[in-house]
Structure formats: C-alpha cells, structure tokens
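The values are calculated or read from the model by the stated rules, or taken from the named source; none is laboratory data. Since this is a predicted model, take the numbers as computed values, not measurements. Glycine gets a Cβ as well: all are built from the backbone with ideal geometry, and neighbour counts include every protein chain shown. Side chains are part of the model used for accessible areas, which takes the heavy atoms of the whole protein and leaves out ligands, DNA and RNA. Shrake-Rupley method; radii C 1.70, N 1.55, O 1.52, S 1.80 Å.
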Amino acid sequence: QVHVGGEAGGYMEQVIDAASGGLAGVFSTAAVYPLEVIKTNLQAQVKHAGSSGRAPRTAVEMARDLIARDGVLGLYGGCQMAVAQAFVEKFIYFYVFSALKRAYTRSVGALSLPANVLLGYAADWAHLAFTMPVEMVAVRMQTRGVSAPESFRGILAETGPRGLYTGIAAYLVLCFKPAIQSALFEALRTRVLERAAKKLGTVVRELSVAQAFCLGALARAIATVLVFPCIRAKVLLMTHQRGPAERNSSPGNGTAHRAQPAGLRHILTQVVREEGFSALYQGIRPELVKGVLSAAVLLSTKEKITAGNRRLLEAAFPSLRARQ
C-alpha cells in the first residue's frame, strides 16, 4: 500500500503545480501567438534619427505586411519553438517557485507580498539557461521569416554561441515581470477566496474561470507597464537593430566579422537619443493586449488544471485531503 504524505506529498504538489503551469503555458501561447508575432515585429522596428522614413507602423499594418510577405502562416512563424519554450519555462518556473515557497513557509513563516516577489524573481532565473536559446531562435524566425535551422545558423555565424543568450542582461529587470504578476495574482486570489468563504460559510479552494481570468489580466497589465522599456530593449538586442552611428562604423569591405551585441543600457540610451523617450514604449499596446490575454488564459487554465489534478491525486491518496 502506498501512502503519500510529508516530503512525498509536498513533492507531488510541486509536480502538479509545474505540470499544470506547463500545460497552461502551451495553451495560452498557442491561443494568442499571432499577437506575439505582430508585437515582436513592432518592437523590433527602429525609426532612425534624421531619416525621412515613415513612422512605426500600427499593429494592423504590420499584420498585413507579414501576411503579404509570408502568407497567413507568417503569423505563426516560430510557433513550434515558442510552444516548446512555454512548456519548459512554465514547468520549471512553477516547480521552482512552489519549492521555494514551501521552503520559505517552513523556515520563516507566512509569505509576505515582497517575499513572494523575490521568490518569483529567483524562480524565473531558473529556466533561462534552457529557454533563452529557444526564444532567441524564435524571435529571429518571427522577425526575419526564416526557418529554425536558418535562424540558429545565422545566430552562430553573427555572434557565436554566446549569441544564443543575447539580451540576458535585460532579465535583471524582466524577471520581475512574472514575479510581480504572480505575487499580485496570489494576493488578489487569496482576498477573493477569503471573501467567498465568508459569504458562503465554507472553505473555497479555487477561483471561477472568470475570476481567474480577470485577476490574471490585471496582474499582467501592472507588471508589463512597469518593465516594458526593458522588454523592447531585449527585442532590439535579439534582432540586432542598430542606430546610424553603429551602422556607419560597420566594416564595408565585405569581410566576414562577428557582430558584438550592444549592452542593455546602450540600447535604452540610443533609443531615447534617436527616437525620444516615448519610443521606449513603442509596441506597448499589442504587448498589453497579447500579454494580458495570455496571462489571463494561462492563470485561469492553470487554476482549473491544478484543481482537477489535485482532485485526482486526493482520490488516489485520501491522506492528502486530511493534511489540507
């Protein structure tokens, strides 16, 4: 006879959380992927100082151009890579986050909002070694309309193996986005469940789909606005968009050379100098639409998958219900 409790029970909870997050990540990524392609291409645009070029295009114009260039499938360029990245990223993130929360509550006590943010920040770093190369290849596929092998070979030819981690410095800030989103969602979720419990006079353990959707959307919107300049800088780094000064200084004799990616601070300064401060938020509207919908779908789906998995586990191992 198998008994699940103590360490084994905690481990199973972590696996449930991670598997639910990974599956929800796949679903949410696929559901809004065309928006991901459109917003990435908008963020990758550079309006060069002193040029007579047109202003950055709208999301609708960008969609038309992508369809004209690659057909409707152009809106799904790199989708396989992005879906694989989403599963690995969310599985690792939620597994590590769940383990860290468990360790924290055991050694320190109740989890405060700042502690929740810091643990989420640490958890987001855990997957970058595995997911950044996949993201780099996917971004090149989205913005250049090339295949995965072509994108991979191009990155290695331009910057070598370290090019697969171009833009990692941005994650010093960007890792706060899922951390803030998760902490806000958990805080709001706890409050909503407590109110529902008082109203119904019984323990309420899960949100409705509509509640999880709305809370996830709100949490993602706040987190995105706070870190968006670094989101755009990361895309510019990954696509190697450069300013006039850098282009003019590039060797023009046709000899092969490896590009040296600019730093995060350099990119942010260059964007402000050449395009103005508002350019730091170029593409934020499609980012918000895509991000809010993606997070809302992710968190509402995860809420239900987690609840279903937990019920199956409790049915198989009744001792788990007694511990909760």
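From the set of residues in region 125-140 that are open to solvent by 10 Å² or more (accessible area, probe 1.4 Å) and not aliphatic (A, V, I, L, M), which is nearest to Val227 (Cα to Cα)? Going through the qualifying residues, I end up with Trp125. Sub-7 Å Cβ pairs linking a first residue in region 299-310 that is under 21 Å from Leu218 (Cβ atoms) to a second residue that is among the aromatic types (Phe, Trp, Tyr) and assigned to a helix (DSSP H, G or I), at least 6 apart or interchain, are Leu299/Phe185; Ser300/Phe213; Thr301/Phe27, ordered by first then second residue. Does Leu207 qualify as being aliphatic (A, V, I, L, M) and part of a helix (DSSP H, G or I)? In short, no.
Is it true that Ala245 is part of a helix (DSSP H, G or I) and modelled with pLDDT of 75 or more?
Working: part of a helix (DSSP H, G or I): yes; modelled with pLDDT of 75 or more: no.
For Ala245, the condition - part of a helix (DSSP H, G or I) and modelled with pLDDT of 75 or more - is not met.
What do you reckon, is Tyr93 in contact with a Gly (Cβ under 9 Å, 6 or more places away or on another chain) and touching a residue at least 40 places away in the same chain (Cβ under 8 Å)?
Details: in contact with a Gly (Cβ under 9 Å, 6 or more places away or on another chain): yes; touching a residue at least 40 places away in the same chain (Cβ under 8 Å): yes.
Yes; evaluated as a whole, the condition is true for this residue.
In region 73-90, the condition of being under 30 Å from Ser278 (Cβ atoms), modelled with pLDDT under 85 and assigned to a helix (DSSP H, G or I) is met by at least one residue. Apart from one condition, Ala110 fits all of (1) out of contact with any helix residue (DSSP H, G or I) (no Cβ under 6 Å at 6 or more places or on another chain); (2) part of a helix (DSSP H, G or I); (3) surrounded by fewer than 18 Cβ atoms within 10 Å (Cβ to Cβ); (4) of a type outside the set (Asp, Glu); the exception is (2).
If only residues of region 289-309 that are of a type in the set (Lys, Arg) and closer than 12 Å to Phe213 by Cα are counted, the one that is surrounded by the most Cβ atoms within 10 Å (Cβ to Cβ) is Lys302.
Within region 193-210, the set of residues being surrounded by 14 or more Cβ atoms within 10 Å (Cβ to Cβ) and at pLDDT 90 or above comprises Leu193, Ala196. When region 142-170 is filtered for residues that are hydroxyl-bearing (Ser, Thr, Tyr), open to solvent by less than 20 Å² (accessible area, probe 1.4 Å) and touching a helix residue (DSSP H, G or I) at 6+ places or on another chain (Cβ under 8 Å), the ones remaining, listed by number, are Ser151, Thr166. Flag not set for Ala59, criterion: exposed (fewer than 15 other Cβ atoms within 10 Å of the Cβ), at pLDDT below 90 and in contact with a helix residue (DSSP H, G or I) (Cβ under 6 Å, 6 or more places away or on another chain). Among the residues of region 178-192, the ones that are of a type outside the set (D, E, K, R) and either out of contact with any helix residue (DSSP H, G or I) (no Cβ under 8 Å at 6 or more places or on another chain) or open to solvent by 80 Å² or more (accessible area, probe 1.4 Å) (or both) come to 1 in all.
Of all residues in region 1-37, those that are modelled with pLDDT of 80 or more and assigned to a loop (DSSP other than H, G, I, E, B) total 1.
Return the residues of region 136-170 that are of a type in the set (Asp, Glu) and either in contact (Cβ under 8 Å) with a residue 60 or more places away in the chain or part of a loop (DSSP other than H, G, I, E, B) (or both); say none if nothing qualifies. Break it down into steps so the answer makes sense when it comes.
Let us first name the residues in region 136-170 that are of a type in the set (Asp, Glu), namely 150, 158.
The one that is of a type in the set (Asp, Glu) and either in contact (Cβ under 8 Å) with a residue 60 or more places away in the chain or part of a loop (DSSP other than H, G, I, E, B) (or both): Glu158.
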